[in-house]
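The values are calculated or read from the model by the stated rules, or taken from the named source; none is laboratory data. Predicted, not measured: the structure shown is a model, and the values here were computed from it. Heavy atoms of the whole protein, side chains included, go into the accessibility calculation; ligands, DNA and RNA do not. Shrake-Rupley method; radii C 1.70, N 1.55, O 1.52, S 1.80 Å.
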Amino acid sequence: MFQFPKKQKICSHDAIERLFANGKSISENPLRIIWNFEENNDNVFLKVLIVVSKKRLKAAVDRNIVKRRIKEAYRIQKKHLELFLERNNQQLNLAIIYQEEEIMDYKVLEQKINLLLTRLITNA
């Protein structure tokens with residue numbers, strides 16, 4: 001039920017390029033999300049890319065901590081968005097970008113991701 005398998009990750013270079021070229025964006029400090037809709041080819045309604053910049057957090061250990069926290073918060077919150085997309089039979093490609101220069105607490109990230117995903121549902 002609560003999983004994050006490879007099918008739900010954006011791995012294609014072309015899909016990533018389309019996402020950043022044609023995607024819409026919402027920001028809520030320290031996160032920004034970029035999304036666009038694509039054809040639903042493989043029965044996955046939501047595909048995600050998590051980005052933590054080396055420019056912002058120099059140490060790989062810090063980037064990995066932030067990525068783990070974002071993944072966990074996203075994994076818990078994604079069910080509402082998946083149900084919305086399943087009802088509309090759409091596939092959403094989503095990039096979650098971390099924009100802070102220090103490691104944020106998990107609770108803060110969880111609240112911000114929840115806020116961004118609910119905003120995304122209302123805007124979509």
Cα Rg, Dmax (largest Cα-Cα span) when computed across the chain, Å: 13.8, 41
How big, on average over all directions, is the shadow cast by the Cα convex hull of the range 1-71, in nm²? 5.9 nm²
Could you work out how much longer the chain between Gln8 and Ser25 gets when fully extended? Use 0.36 nm per residue separation minus the Cα distance between them, nm to one decimal. 4.1 nm
To the nearest Å², the heavy-atom accessible area per residue of the chain with 1.4 Å probe amounts to 59 Å²
Of all accessible surface on the range 50-119 at a 1.4 Å probe, what whole percent is carbon and sulfur? 47 percent
